[in-house]
Each structure stands twice: as structure tokens, then as C-alpha cells.
Amino acid sequence: MKKRTIRADIIYYVFVVLFAFVMLYPILWMLASSLKPQTEIFSNAASLWPSEWKWENYLIGWQGFGRTGFDVYFRNSAFVTTFVVIGAILSSSIVAYGFARLQFRFKKLLFACLIATVMLPVQITLIPQYILFHNIGWVNTFYPLIVPAFLGGTPFFIFLLIQFIRGIPRELDEAAIIDGCSTFGIFWRIILPLIKPALVTVAIFAFMWSWDDFLAPLIYLNSADIQTISLGLRNFMDAESGTSWGPLLAMSSLSLLPQFIIFLFFQKYLVEGIATTGLK
């Protein structure tokens, strides 16, 4: 029986390691190819070990071929993503608290609209939003990317926090009211500390979705000096003179570094925020 258990564990771990390698292979290939010469990237694609280490691919990519430097794209993405994360946390938590704890007119109707917008594809609202932002002069600025986050722009975050707050016992609210705490005081002193795992989950998702976003910057950002990383990577691709794959893959690898760091340090909160119900 014991030998059978050991054999089963060995098979399980071998399968997990092989599956993890298959999942990570594209990233490993990108990292390895970012250090290969241009002619070797596709001619020797199966190998993960460069015959010649081309560290200058990172320098060339960072300089941007004499165009806009990649540091500009990193700075723009960091600026936009920071405010999107802040806006998502603030607006989502306030709106979710209202739906989960307060009573007001048309609450059920508004909640039904919220659920409907969760299932609504972003392409449906793209044209009306562009017309709105164009009429108020926000096209080619960061405002269309940042302001919606402060107005509860992601219904999924609101729904996630609503379900989390509903798991918190209402007796805590009643005890706070007896102690003279206001509605905002309950939200600030009781609800917010208890939904910290869910807020971290919202922050991680908001960071990754904003950092990776390509469609919204493509629609609203025209000037090269305000474009984000996703558009900066696209600028490396030139159909006439040929794509510089080495620098492109180098900057692609570098653009993944913030996401790896965020996930590495906040993985525990991400799992806890999704798995728990908010009951403390």
C-alpha cells in the first residue's frame, strides 16, 4: 500500500512538472529569444539556449531605435495603471458597500443593470464612449483611461466586493451604530479592514488588465509621447523595413517583470480574496 502511494505521488509530481513546463514554455522561449541574434530566433526556435548572448537587444529596445524611448512607455503605463488601481479600489468599494448594506430606491433595478453590464462586451460601449470623450476633448489624453476607474468603471470588481461584504455579519454594523458610528464610519472603520483580501484582489486584477490593455490606448492615444507599453511594442513591428524581433522580445520580457513581481508578493491575498467569504 505504501509503495503504491509513493508511486502515485511520483506520477503526480512528474505530471505537474511537465504540465508546468508546457505552460511556461512560451515565456521561457520569449526570454531565451530575447538574447539570441536576429537570424537565430526562428531558425533555431526549438532551442532555449542562445549560441551567442545578445544583451544589446535590451539596450537597443530601451532606446527605441531613435524613436520614442521605451522608458517613456514604461512611465506612461505606470502612471495610468497607478491611477486606475486607486480609482478601482475607491469606487468599487464605495458602490459595493451601498449595494450590500444600504437601502435606497430602485436598488434592485440598479443591481440588475450592474449584472447586465458585467455580461456586456466592451465593444458595444466603445463607440458611444469614444463619441462622448471626443466631444469633451479628452481624446489623445490619459483621461479616458483613468477617469472611468474612479466612476466604478469595472462592474466585475463591484460584484466581487458585494459578495464579499455580504459575508460580513451585520451584527458588527449594529454594534457600531450603538457606539455612535455613522454610515461612512462603518464603511471606513469596519468594512474596509475586513475586505482587505478582496481589495488586494481588485488591485491585482486592475493592475494586470490596465498594464496589458491594448484596445483602449490604441483608440484614445495618438501621440507617441503618451502611448503605453502595449502600443510601444507594436511600434517595433515595421512591415517595410522588417521587424527587429530581438529588441521586441527583449522589451516584451521586460514588460512582464512588474506583473511577475506583483503576483509574487500578493499571491496569498489573491487566493484569499477569491476563496473566502469575508467572514472573520
Restricting attention to the stretch 171-208, which residues are free of Cβ contacts under 8 Å to residues at least 12 places away in the same chain and of a type outside the set (A, V, I, L, M)? GLU171, GLU174, ASP179, GLY180, CYS181, SER182, PHE184, GLY185, TRP188, PRO193
Take ASP213 and decide whether it is out of contact with any Gly (no Cβ under 7 Å at 6 or more places or on another chain), of a type outside the set (A, V, I, L, M) and within 30 Å of ARG75 (Cβ to Cβ). yes
Residue list for the stretch 1-34, filter: touching a residue at least 40 places away in the same chain (Cβ under 8 Å) and in a loop (DSSP other than H, G, I, E, B): SER34
So, in the stretch 92-135, exactly how many residues are closer than 15 Å to LEU145 by Cα, touching a residue at least 60 places away in the same chain (Cβ under 8 Å) and not aliphatic (A, V, I, L, M)? 2
Taking only the stretch 244-280 into account, find how many residues are modelled with pLDDT of 70 or more, open to solvent by less than 60 Å² (accessible area, probe 1.4 Å) and not hydrophobic (A, V, I, L, M, F, W, C). 8
Residues of the stretch 58-73 being touching a residue at least 60 places away in the same chain (Cβ under 8 Å), open to solvent by less than 60 Å² (accessible area, probe 1.4 Å) and touching a Phe, Trp or Tyr at 6+ places or on another chain (Cβ under 9 Å), in sequence order, are GLY61, GLY64, PHE70
Out of all the residues in the stretch 166-175, which are in a helix (DSSP H, G or I) and either exposed (fewer than 12 other Cβ atoms within 10 Å of the Cβ) or not acidic (Asp, Glu) (or both)? ARG166, GLU171, LEU172, GLU174, ALA175
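The values are calculated or read from the model by the stated rules, or taken from the named source; none is laboratory data. Here the structure is a predicted model, which means the values were calculated and not measured. Please note: Cβ atoms are built from the backbone with ideal geometry, for glycine as well, and neighbour counts cover all protein chains shown. The protein model used for the area step is the full one, side chains on, heavy atoms only, and it has no ligands, DNA or RNA in it. Shrake-Rupley method; radii C 1.70, N 1.55, O 1.52, S 1.80 Å.
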